[in-house]
Amino acid sequence: MTKGPDTSDGLLIGRVCQGDQEALGELYDRYRNQVFRTALAITRNRETAEDILQEVFIKLYHYRERIDTTLHLAPWLYRVTTNLCYTCVSRRKRWLTALDDVIENIVAPSRASPERQAEYGELQTVIQQAIDTLSLNQKTVIVLHYLSDLSLKEISYILAVPEGTVKSRLHYGRENLRKKLKNSRALFPEVAYEFT
Amino acid sequence: MNLHKVDENKFHDDNIDHLIRWALHDSVAGAEPSAQVWERIQQGIADYETATASAPVWYRALWQRLTARWLAEVGVHVLAQGDVQPAGQGRMYAFDMRAPMSMVRIIEGKMPVVRLVS
């Protein structure tokens, strides 16, 4: 993995190893938003994202002696974050499936209403919904690549899967999004967008 | 990067990367964790330190054995919970509240292997 680390990360971890919690606080201030926003983008739940952030830094403290200070800290943090996201999302799925079914039945009629359609007219919402329908594997790669701006190699290390697998998940994730967004054109039939 | 409406009735395929990036960034823009998270981290560390410092000798030995292998996380849970009971023949029972369904674990004495038994 990437050599030539941010030396101050290494120094701070060294201080954490000596029980210096202020150093941990500095690392927290440095990385909390990155970790929190990645967890939030994957789990789509603020409370869960905060729990994950908390767990990541407690793990950092527990495993401080084992962290290689010659490497960048960010990939390690992303690795723990995504692992915790996987655990949380799959646990939540298991427990909430039945509840979701009930909610689905209750709200299904109103979902088809014009008001609801209009509510979904926001482009951002449409794209976010499309992302939410991706498999967890594809969604995680999409978030790490597009939100965290990580390379395929870095994502490969973080998820502990071959680079080819990352490439494939990214490709199929993109293709799925492309299809879903094309199908969603009914929501904004006369509007196109461009970036400048 | 700014997103603008244009008058064409076209969906630009080339925009897909920009759209995904924009939507993701926009969805979490400005989101920050509450101040309580850092307080909870400090509390979690304090609990962990207390558990390890006050643990009996056999707890600490178990902890060292677990951390020497891949079971460090279980060791942390076990010590943090403080709920391990020796069960004879070198085995110990551990009750981990954080595990799904509150599964009971058996930690083998000779080899630190954890089996989920229920």
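Laboratory data are not the source of any read-out in this text; all were calculated from the coordinates shown. For clarity, every value in this text was computed on a predicted model and none was experimentally measured. A quick note on method: Cβ atoms are made from the backbone with ideal geometry, for glycine too, and the neighbour counts reach across all protein chains shown.
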Inset, instruction - Provide the FRET efficiency to the nearest 0.05 for the A:ASP132-B:TYR48 pair, computing r from the beta carbons and using R0 = 41 Å. - result: 0.70
Inset, instruction - Using the Karplus curve 6.51 cos²θ - 1.76 cosθ + 1.60 with θ = phi - 60°, work out ³J(HN,Hα) for each residue of segment A:8-23 in order, rounded to whole Hz, and write x for Gly and Pro. - result: 5, 4, x, 5, 5, 5, x, 5, 5, 4, 8, x, 7, 6, 5, 5
Legend entry - Ranking of A:HIS72, A:HIS145 by count of other Cβ atoms within 10 Å, fewest first: A:HIS72, A:HIS145
Legend entry - A:ILE131, B:ILE45 arranged by Cβ crowding within 10 Å, fewest neighbours leading: B:ILE45, A:ILE131
Inset, instruction - Run the quick spin-label model on A:ASN45 and A:GLN18: label points 7 Å from Cα toward the beta carbon, then report their separation in nm to one decimal. - result: 4.1 nm
Legend entry - A:ARG79 paired with A:LYS182, simple spin-label distance in nm, labels 7 Å along Cα-to-beta-carbon: 3.9 nm
Legend entry - Point-to-point label distance, A:TYR86-A:GLN34, nm (Cα→Cβ direction, 7 Å offset): 2.1 nm
Inset, instruction - Mind giving me the FRET efficiency for A:LYS167 and A:ASP68? R0 is 22 Å, r the Cβ-Cβ distance, nearest 0.05 is fine. - result: 0.25
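For a footprinting-style exposure proxy, rank A:LYS180, A:LYS153 by other Cβ within 10 Å, fewest first.
With the sparsest Cβ surroundings first, the list reads A:LYS153, A:LYS180.
Could you sort A:160-167, A:135-142 so that the peptide with the highest average Cβ count within 10 Å comes first and the rest follow in order? If you can, show how the numbers build up before the last one.
On the way: A:160-167: 14.2, A:135-142: 20.6.
The densest-packed peptide leads the list: A:135-142, A:160-167.
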